[in-house]
1. Of all the residues that make up the stretch 113-149, how many are modelled with pLDDT under 90, surrounded by fewer than 18 Cβ atoms within 10 Å (Cβ to Cβ) and in a helix (DSSP H, G or I)?
2. Considering each of ASP82, ASP55, ASP74 in turn, give the residue that is among the charged types (D, E, K, R), at pLDDT below 80 and surrounded by fewer than 14 Cβ atoms within 10 Å (Cβ to Cβ).
3. Would the stretch 152-166 turn up any residue that is loosely packed, with under 11 Cβ neighbours inside 10 Å and in contact with a strand residue (DSSP E or B) (Cβ under 9 Å, 6 or more places away or on another chain)?
4. Only one of ASN43, ASN48 is modelled with pLDDT of 50 or more and surrounded by 12 or more Cβ atoms within 10 Å (Cβ to Cβ). Can you tell me which?
Amino acid sequence: MTGLTRRVIVRSECTDSEGDGEMAQDPEALGPVGYLVVEFPGNKMTGNGLAALIDLVDAGLIRVLDFAFVMVEDDGSVHAIDLSDVDGDGELDLTVFEGAGSGLLGDSDHAEAASAVEPGASAAILVYENRWAIPFIQGVRSSGGEVVAAGFIPQDDLVASADAAGL
């Protein structure tokens with residue numbers, strides 16, 4: 001999601017309003033922003049992960065900035081799926097996330113996410129802010145530092161590296 005990655009770089013300043021070295025909680029502070037693309041082979045979405053996602057939001061660990069679903073047809077064509085009826089049965093499914101669109105995701109992001117999944121599957125695209133990291137980021141910035149890179153290691157790569165190292 002290179003297009004998305006370029007648009008999500010946001011910097012915020014840490015303020016020390018009291019002058020006592022304690023960081024003030026900046027309501028505009030933003031934690032690191034990441035995204036996940038989750039494939040559902042055969043378009044079989046059960047919703048089992050949604051409760052955990054809601055728990056993460058409720059605990060203040062993450063904030064959902066954008067959440068979308070796309071379907072990749074057998075012929076490779078792609079279309080967005082309405083969050084309110086992801087399984088196409090006419091029933092409301094994900095109303096808790098309705099309105100979680102920030103405008104960060106566009107058609108090109110949908111197409112890029114779809115290119116990562118097999119034809120006949122669907123994908124959830126989640127853009128989220130790591131709220132747990134805000135105090136750390138503010139601390140780094142208050143000492144003159146700046147986060148200049150972030151990333152994720154896919155689980156399969158991590159396991160392969162651990163196996164190769166004999167761990």
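1. The qualifying residues number 0.
2. ASP82
3. Yes, the conditions are met somewhere in the stretch 152-166.
4. Just a single option satisfies the conditions, and that option is ASN43.
The values are calculated or read from the model by the stated rules, or taken from the named source; none is laboratory data. It should be emphasised that the depicted structure is a prediction, and the values quoted were computed from it without experimental measurement. Cβ sites come from the backbone with ideal geometry, for glycine too, and all protein chains shown count toward neighbours.
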